[in-house]
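In what follows, a structure is listed as structure tokens, so that the remarks can point back to it.
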Amino acid sequence: MALQKYLRKFENHRRISLVGPLCVYHCKHEEPTIFVDGGSAFRIAGEGISVGDGDSFAGKIDVELDPQKDFSDLAFALGQIPAHFCEVILCGFLGGRRDHELFNIGEAHHFLRARLSPTRVSFDDEIIGYSAGAWQFERLGLFSIAVIEQTAVALTGDCLYTCPDKTIFTPVSSLGLSNQGSGTVSIECEGPVFILFDEA
């Protein structure tokens, strides 16, 4: 398959970018980059590879998917990412239709749950998803913690509310809502966790 052939050229890379239809800027993207359907509008000639079913992009797509499939273009792209990539940058997958946004986060959750090595996914500068493991992030300001399925989480470091002993977080409950970061925050999780940032 063309996508796997393209990705094999980057066997020594650890970071990969996926560009979606809600990207808000044209720029040169660091390789490797997968342009997902409408994200192909932000592609500069000669860079990356495009995949999709063409429902949000009228031009040529390198890897054409069946419009009648029962999975999203993003789900397909995430499913093709080799195990050695441990950081996935998602640009242009938030906003727009609320159902698309929700299911994009859900697909990121399924992707992270299946990873055997620690993996991080970021949605623009608004959401970071972590697979099971121990992580740190820097935050000055509000943030919230959400999970898609029940998992144990320990939170320590420079934040207003900590839970140093592992605590069960249930799906999209308000337990992790509206924390305040003041430096380095450490999180240990037994399953995928999403950190949502708010500039308010």
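Overview of values
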{"item": "Within the stretch 83-111, tally of residues that are in contact (Cβ under 8 Å) with a residue 60 or more places away in the chain and more than 14 Å from Leu18 (Cβ to Cβ)", "result": "5"}
{"item": "Qualifying residue in the stretch 19-42 (condition: of a type outside the set (S, T, N, Q), touching a residue at least 60 places away in the same chain (Cβ under 8 Å), open to solvent by 70 Å² or more (accessible area, probe 1.4 Å) and closer than 20 Å to His110 by Cα)", "result": "no"}
{"item": "The listed residue being within 15 Å of His109 (Cα to Cα) and open to solvent by less than 20 Å² (accessible area, probe 1.4 Å), out of Phe194, Phe137", "result": "Phe194"}
{"item": "Residue in the stretch 118-137 that is out of contact with any helix residue (DSSP H, G or I) (no Cβ under 9 Å at 6 or more places or on another chain), among the basic types (Lys, Arg) and either modelled with pLDDT of 95 or more or farther than 25 Å from Ser50 by Cβ (or both) present", "result": "no"}
{"item": "Candidate set from the stretch 116-139 (those that are part of a loop (DSSP other than H, G, I, E, B) and among the aliphatic types (A, V, I, L, M)); member that is nearest to Ile195 (Cα to Cα)", "result": "Ala132"}
{"item": "Subset tally (residues that are in contact with a strand residue (DSSP E or B) (Cβ under 6 Å, 6 or more places away or on another chain) and either in contact (Cβ under 8 Å) with a residue 60 or more places away in the chain or of a type outside the set (A, V, I, L, M) (or both)) for the stretch 168-177", "result": "2"}
{"item": "Any hit, the stretch 14-21, residues being out of contact with any helix residue (DSSP H, G or I) (no Cβ under 6 Å at 6 or more places or on another chain), part of a loop (DSSP other than H, G, I, E, B) and at pLDDT below 95", "result": "no"}
{"item": "Subset of the stretch 43-78 that is more than 19 Å from Lys9 (Cα to Cα), among the polar types (S, T, N, Q) and touching a residue at least 12 places away in the same chain (Cβ under 8 Å) - its residue that is least open to solvent (accessible area, probe 1.4 Å)", "result": "Ser72"}
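Each row is one residue, and each column tells you yes or no for (1) part of a strand (DSSP E or B); (2) within 20 Å of the chain's Cα centre (by Cα); (3) of a type in the set (Asp, Glu).
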{"position": "Phe143", "(1), (2), (3)": "yes, yes, no"}
{"position": "Val153", "(1), (2), (3)": "yes, yes, no"}
{"position": "Tyr161", "(1), (2), (3)": "no, no, no"}
{"position": "Thr167", "(1), (2), (3)": "yes, no, no"}
{"position": "Gly181", "(1), (2), (3)": "yes, no, no"}
{"position": "Ser186", "(1), (2), (3)": "yes, yes, no"}
{"position": "Phe194", "(1), (2), (3)": "yes, yes, no"}
{"position": "Phe197", "(1), (2), (3)": "yes, yes, no"}
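The values are calculated or read from the model by the stated rules, or taken from the named source; none is laboratory data. From a predicted model like this one, the values you see are computed outputs, not experimental measurements. When we count neighbours, we look across all protein chains shown, and the Cβ atoms used for this are built from the backbone with ideal geometry, even at glycine. Remember, those area values only see protein heavy atoms, side chains included, never the ligands or the DNA or RNA. Shrake-Rupley method; radii C 1.70, N 1.55, O 1.52, S 1.80 Å.
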